Structures are given as structure tokens and as C-alpha cells.
Amino acid sequence: MNSIRRHLLTSLLIGLTLVLGAAGAALFVQVRAILTSEFDRAERAEAALLVAQTEDDGEKVQLDLFGISAPEYKRDEYYQLWLPDGQTVARSPSLGFDDLPRREGDVTLPDGRPGRAIIVQFVPMPAEEAQRPNPHPPTVTLVVAHDRIGLDRSLAGIGAGLLLVGTGVLVATALIVTTAVRRGLAPLEAVGQQAATIDAASLQLRFATDAMPAELLPIAGRLNDLLARLDEAFQRERRVTADIAHELRTPIAELRALAEVGVKWPEEAAFQDALQIAQRMETLVTGLLALARHDAGQQPVAHEPVELRWVVDEVWSPLAEQARSRQLDVAIEIASDASWQTDPTLLRLIIANLLANAVEYTPERGVVRISGIGSRLEVTNTANGLTSEDLPHLFERFWRKDVSRADAGHSGLGLVLAKSAATALNLSLTAEMPDATTLRLSLRGGA
């Protein structure tokens with residue numbers, strides 16, 4: 001399983017190990033270069049002394065160490081002087097009859113020990129007692145070498161010290177990094193623990209952001225937004241469930257009463273009433289299913305030319321008789337060239353609910369006006385008892401007002417379904433009251 005803590009610890013420790021290792025190696029290389037340089041400087045100083053003691057008396061080249069105390073040449077320090085023809089002029093007593101390698105840098109001494117040598121080529125100074133200076137003084141080669149065991153021991157000690165110190169620093173760093181990562185991830189773990197306690201009954205809880213690190217604020221904000229939406233959705237579902245139970249309770253009770261009457265007095269069974277109740281329940285369930293499809297985005301949407309006048313006439317035809325029976329003053333004015341590019345089925349659903357709403361809730365002898373021009377359709381009707389404060393509730397599921405929307409034969413889903421379908425078509429459906437007794441529903445867009 002992936003772990004942020006393990007990833008951070010592994011990455012940091014590997015990175016710090018590499019950094020400390022690289023720093024220690026660089027320091028060791030620098031120290032070794034300095035010590036080796038000092039070692040070579042001492043050899044060059046010694047070589048300069050030997051060069052100064054080398055003379056050419058005109059007949060031969062010789063190294064005169066008279067008066068110079070050099071007992072070290074008998075043990076671990078070496079020199080050898082050659083003429084251009086390879087003849088040895090002088091060698092240190094420590095060499096015996098062996099020769100030094102004629103190269104510079106790390107060498108193996110004649111006795112097998114590791115050493116380090118330098119090479120100096122020079123022209124010897126004429127001897128003071130020379131009778132005739134050599135007109136063609138030779139260029140001689142001097143090699144000075146020393147046992148480097150002491151240097152290697154010093155370097156080994158420094159390397160061991162760096163390794164020991166580096167290991168201690170790495171262990172201390174690992175403890176510090178582990179503690180820092182644990183404390184740094186503590187707020188994230190707290191968020192995880194709080195999120196694990198949230199269920200359907202505690203969606204009202206929110207993540208406190210006052211003392212939260214800045215890196216977690218976007219996550220906490222998104223989680224709080226998500227919880228708010230979930231809480232709203234759950235509350236909406238609870239309301240819908242309660243409303244459905246409320247809406248179905250009355251027709252179910254009526255069906256039960258009719259069934260009981262039919263059992264006791266079969267000859268008086270009111271099948272027509274039962275059919276009407278079943279139709280009301282079917283309308284309610286059909287509306288809820290349509291809303292669910294719209295909310296889930298499962299309602300297919302087409303785009304084709306639709307003649308607005310043709311749709312209004314088709315929808316109005318089954319409502320005309322009801323409007324006449326209630327003596328409504330109806331006027332329909334739709335421009336002949338009003339054509340919308342939209343889904344004809346959904347548009348018919350919207351207009352059917354708008355017109356049915358106007359016919360059902362307009363009081364007897366009231367006024368209904370249906371007008372359409374361009375990309376705008378308006379349905380205006382008399383609406384006694386409504387106020388401007390009621391307008392936001394018109395598109396709420398199952399909302400009814402006691403005076404104007406209390407008809408038990410309707411589910412309270414017509415305008416909600418129209419609003420949902422309008423949203424699916426990117427249309428705007430709004431409600432307004434031009435005056436205290438008039439409601440206007442406006443559908444815009446689609447041209």
C-alpha cells in the first residue's frame with residue numbers, strides 16, 4: 001500500500017545519505033589533496049637541498065653532503081641522481097644497490113612499501129674549486145622518494161573519522177526527519193480520522209480550517225463543499241421521501257376506503273373513483289421518474305427546428321374544454337415565424353406544464369394570456385392569493401399554497417418538471433408578478 005509517510009521518509013533519508021556521502025567524499029578528497037600537497041612540498045624542499053649540494057667540477061658531477069646530517073636516508077627516505085646517460089651519480093644509503101623508479105607520484109619502494117616520489121631535472125652548479133668549468137654541463141635527474149605509510153595512516157584516520165561523524169549525523173538526521181514528518185503529517189492524519197467518522201447522520205459536520213496548514217486548506221475546503229452538497233442532497237431526498245409519503249397517503253387511503261366499500265356492498269363499488277385515484281398516483285410516479293432522469297442527465301436531448309405555434313396549439317387542445325368550463329378568458333398570440341432550435345419532446349413537456357398550471361390554478365372567470373415572439377414565450381394568468389414571497393417556492397417539489405395551489409388532484413411537480421426540462425435545454429424559466437393578482441411565467445432561449 002502506498003504511504004506518504006514512508007515515501008517522504010525514504011526519499012529524505014536517501015537524499016540526505018547521498019548528500020552527506022557526497023559532502024564527506026568531497027571533504028576527504030580535499031583533505032587528501034592538501035596532505036598530499038604538503039607531503040610533496042616537503043619532498044621538493046628536500047630535493048632543493050640536494051640540488052644545492054650537487055656540483056660539477058668540470059670533470060664529474062658529484063653530490064656533496066659533507067656537513068649535512070641526514071640519518072633519515074638510512075631508513076625511510078630515498079634519493080637517486082642520474083646523468084643523462086643513465087649512470088647513477090649518487091644514491092641514498094637506504095637504497096643499497098637498488099634503484100628508484102624514475103617516475104613521479106605514487107610508487108613502490110625497493111623494499112615493497114608504498115611511497116611517493118618527485119622528479120627534478122637540473123643543471124648542476126659549477127664547483128668553486130673547479131679549474132675549468134664544464135662548457136657543456138649535463139642535465140641530471142634527481143628522484144626523491146619517501147615512505148607514505150604515515151600519510152596513508154593519517155588519511156585512513158581522517159576517513160574513519162568522517163565516516164563515524166557522518167554516520168552519527170545521519171542517525172541524528174533520521175530521528176529528526178522521522179519526528180518532523182510525523183508532526184508534519186499529523187494534521188493530515190487528523191483530517192483522515194475525522195473523515196472516517198462522518199456518515200449519513202453527521203453530514204452537517206465541517207472540517208475546522210482556522211489552525212489548519214495552508215497546504216491542507218484547499219482539501220478541507222473541497223471536503224466541506226462536498227459535505228455541504230451531500231447534506232443538501234440527503235435533506236432533499238428526505239424531504240422528497242416525506243413528500244411522497246404525504247402525497248400517496250391520501251390516494252392510498254381513498255383506495256382502501258373504496259375497496260372496503262366494494263367488499264361490503266359490491267353493487268356500489270365506485271370503479272370510476274378508483275380509476276381517478278390510480279391516475280393521480282400514476283401521474284405522481286411518472287413525474288418523479290422524469291425528474292430523476294433529468295437530475296441524472298439521462299434524458300436525451302435533440303436539436304431540431306420546432307414551430308412554437310404548432311406546439312402551443314397541440315398542447316392547448318386537450319385543455320380548451322376545461323378552460324371553457326371554468327369560463328376563463330383565454331388569448332393566444334404566437335408569432336407565425338416563431339421557430340426554436342431545440343428538443344421538441346422536452347419543449348412540449350415544458351409548455352404542457354405551463355399551460356396546465358395556468359388553467360388549473362386560475363380562478364373561475366380569470367384571465368389567461370399566452371404570447372410568444374422570437375425566443376420568448378410568456379404565460380400570464382390571474383393568481384389570487386400569491387405574493388412575491390411565494391415566487392421562489394413555485395419550482396420546489398410538492399409545494400402548494402393553501403389558497404391557490406391546494407387541489408388534491410395534482411402532485412405539485414408540474415413546474416418543477418418544467419424547470420428541470422428547461423435546464424436540460426439551456427432555457428431560462430422564471431416567474432414574476434407584474435401586479436398583486438397576476439403571475440407571469442417566462443421561457444427564454446431556443447431561437
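The values are calculated or read from the model by the stated rules, or taken from the named source; none is laboratory data. Every value quoted in this text rests on a predicted model; they were computed, and no experiment measured them. So basically every Cβ, Gly included, is an ideal-geometry build from the backbone, and we count neighbours across all protein chains shown.
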Regarding S339, is this residue within 23 Å of T382 (Cβ to Cβ), modelled with pLDDT of 85 or more and hydroxyl-bearing (S, T, Y)?
no
May I ask you to verify whether I119 is within 30 Å of D85 (Cα to Cα) and surrounded by 12 or more Cβ atoms within 10 Å (Cβ to Cβ)?
yes
Hey, any hits in the stretch 165-185 for a residue that's among the β-branched types (V, I, T), in a loop (DSSP other than H, G, I, E, B) and not assigned by TED's automatic domain parsing to the domain that holds Q30?
no
Positions within the stretch 148-162 being in a helix (DSSP H, G or I) and either touching a residue at least 12 places away in the same chain (Cβ under 8 Å) or within 22 Å of A42 (Cβ to Cβ) (or both), in sequence order
I149, G150, L151, D152, R153, S154, L155, A156, G157, I158, G159, L162
Exactly one of D231, D243 is of a type outside the set (V, I, T), out of contact with any Ser or Thr (no Cβ under 8 Å at 6 or more places or on another chain) and modelled with pLDDT of 80 or more, and that residue is D231
Out of the stretch 97-114, which residues are part of a strand (DSSP E or B) and either of a type in the set (A, V, I, L, M) or under 60 Å from the mean Cα position of the chain (by Cα) (or both)?
G105, D106, V107, P114
Surrounded by 21 or more Cβ atoms within 10 Å (Cβ to Cβ), over 53 Å from the mean Cα position of the chain (by Cα) and modelled with pLDDT of 85 or more: is that true of T362 in this structure?
yes
When the residues of the stretch 1-38 are narrowed to those that are touching a residue at least 12 places away in the same chain (Cβ under 8 Å) and of a type in the set (S, T, N, Q), which ends up nearest to R116 (Cα to Cα)?
T36
Checking Y78 against (1) at pLDDT 85 or above; (2) surrounded by 19 or more Cβ atoms within 10 Å (Cβ to Cβ); (3) over 30 Å from A33 (Cα atoms): exactly one of these is not met. Which one?
(3)
Failed item, numbered, when A211 is tested on (1) exposed (fewer than 11 other Cβ atoms within 10 Å of the Cβ); (2) in a loop (DSSP other than H, G, I, E, B); (3) at pLDDT 80 or above:
(3)
Output for the stretch 306-324, where each listed residue is assigned to a strand (DSSP E or B) and over 15 Å from I334 (Cβ atoms)
none
Tell me which residues, restricted to the stretch 342-358, are modelled with pLDDT of 85 or more and either not assigned by TED's automatic domain parsing to the domain that holds V368 or not in a helix (DSSP H, G or I) (or both).
T342
Of the conditions (1) more than 30 Å from G112 (Cβ to Cβ); (2) surrounded by fewer than 16 Cβ atoms within 10 Å (Cβ to Cβ), G157 satisfies every one except a single condition; which number is it?
(1)
What tally of residues in the stretch 39-48 results from selecting those that are among the charged types (D, E, K, R) and without any contact (Cβ under 8 Å) to a residue 24 or more places away in the chain?
1
Any idea which of (1) in contact (Cβ under 8 Å) with a residue 40 or more places away in the chain; (2) within 30 Å of L50 (Cα to Cα) is the one Q121 doesn't satisfy?
(1)
Residue pairs qualifying under the 8 Å Cβ cut-off, at least six apart or on distinct chains, with the first in the stretch 176-197 being over 18 Å from A214 (Cβ atoms) and the second being surrounded by 12 or more Cβ atoms within 10 Å (Cβ to Cβ) and among the β-branched types (V, I, T), are none
Of the residues in the stretch 86-102 that are closer than 30 Å to L35 by Cβ and without any contact (Cβ under 8 Å) to a residue 24 or more places away in the chain, the one that is surrounded by the most Cβ atoms within 10 Å (Cβ to Cβ) is S92
